[in-house]
1. Run the reach check for K118 against aspartates and glutamates, Cα to Cα strictly under 15 Å, same-chain hits fewer than 8 apart removed. What comes back?
2. In units of 2.2 N^0.38 Å, what is the alpha-carbon radius of gyration of region 72-298?
3. Given N residues in region 16-67, what is Rg(Cα) / (2.2 N^0.38 Å)?
4. Based on alpha-carbon atoms only, what is the radius of gyration of region 66-139 relative to the globular estimate 2.2 N^0.38 Å?
5. Name the residues of region 134-174 whose amide N is less than 20 Å from a point 7 angstrom out from the Cα of I96 along the C-beta direction?
6. Please work out the C-alpha center-to-center distance from region 148-189 to region 92-107 and express it in whole Å.
7. What residues of region 200-244 lie in the reach of a label at Y147, counting those whose backbone N is under 18 Å from a point 7 Å from the Cα along Cα→Cβ?
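No value in this document is a laboratory result; all are computed from the given coordinates. Just so it is clear, the model here is predicted, and its values are computed rather than measured. Neighbour counts run over all protein chains shown; Cβ positions are idealised from the backbone, glycine included.
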Amino acid sequence: MAQTKRRPFKIRRQPLGDIIFDLIVSVLLIFAVVVCVYPFLYVVSVALSSGDAVNKGLVVLFPVDLNFDALKKVLNYNQLWTSYGNTFFYTIVGTIFNIVFTCLAAYPLSRKHFCIRKQMNFLLAFTMYFSGGLIPIYIVVTGLGLYNTRWSMILPVLVSAYNVMICRSAFEAISEELFEEAALEGANDFLIMTRIAVPLIKPTLAVLTLYYAVARYNDFFNAMLYISKKELEPLQLFLRRILLEASAEIMQTSSVTMAAASQSSIQVRYVCIVVSVVPIMLVVPFVQKYLVEGTMLGAVKG
């Protein structure tokens, strides 16, 4: 048998322009990562360092003289856990209401046979550019007797017009034949929505759940307007008060000297920040896989 000659393997060299471009992109990416990660790492380091090291400005990147006194002070404060419980209630219950009413609003707007579909879609888009204003909304909420109640954190932000549009687009992307076959089998619109449409847009609903949950968790403005009782305030409002009041409320609950309180004030603030961020950091990785898929699914039709 005649032996075939093997051609020498040639390494393909990248053009100089591509190398420079990749280098610039890598540098910018590293810079972006540092800008995003360093502030949080610094906050964690200050929260876990000793008061003397923080007061002298020795903390730059990693904790100096590891110390958990500030963390203990914050975790032993009862109002923190009350605010945590309120935030979890507002986030969980509010997000469930958000998703349910978003689906109830988006499904009929996605059906071509809905008689006032165009008018309702116009009104939905209209609310994204024009609203009644803060004072009329406040008057409505207080007039309904929702002031200083848990419902004041749920009902005023029950539905987001933007999220309804995303959900509507996801419903529109479903094949019309599925709905026609279900209707021929005798299913009504409610059964079609709950048994067919909603299961088919689970990735989109996962993304909307993330959007709503993060917004609920970070909401403090509505709490400032409608909540004056400390036993009802969410974590973010508690954190805001601590940041503005220089942690005096927490420090007064501990038997510390003025010098120690001065050193620990900044640490208490940073510990509160870390404590408030941890739950979202633990939840997001579990729904991150749905983010790109759900967003693209909801953007198939504009």
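1. E172
2. Numbers: Rg = 21.8 Å, N = 227, 2.2 N^0.38 = 17.3 Å.
Scaled against compact globular proteins, the figure is 1.26.
3. On the way: Rg = 16.6 Å, N = 52, 2.2 N^0.38 = 9.9 Å.
The value comes to 1.68.
4. Dividing the Cα Rg of region 66-139 by 2.2 N^0.38 Å gives 1.88.
5. Label zone hits: 149-160.
6. Taking the Cα centre of region 92-107 as reference, the centre of region 148-189 is 8 Å away.
7. Counting only backbone N, you get 221-233.
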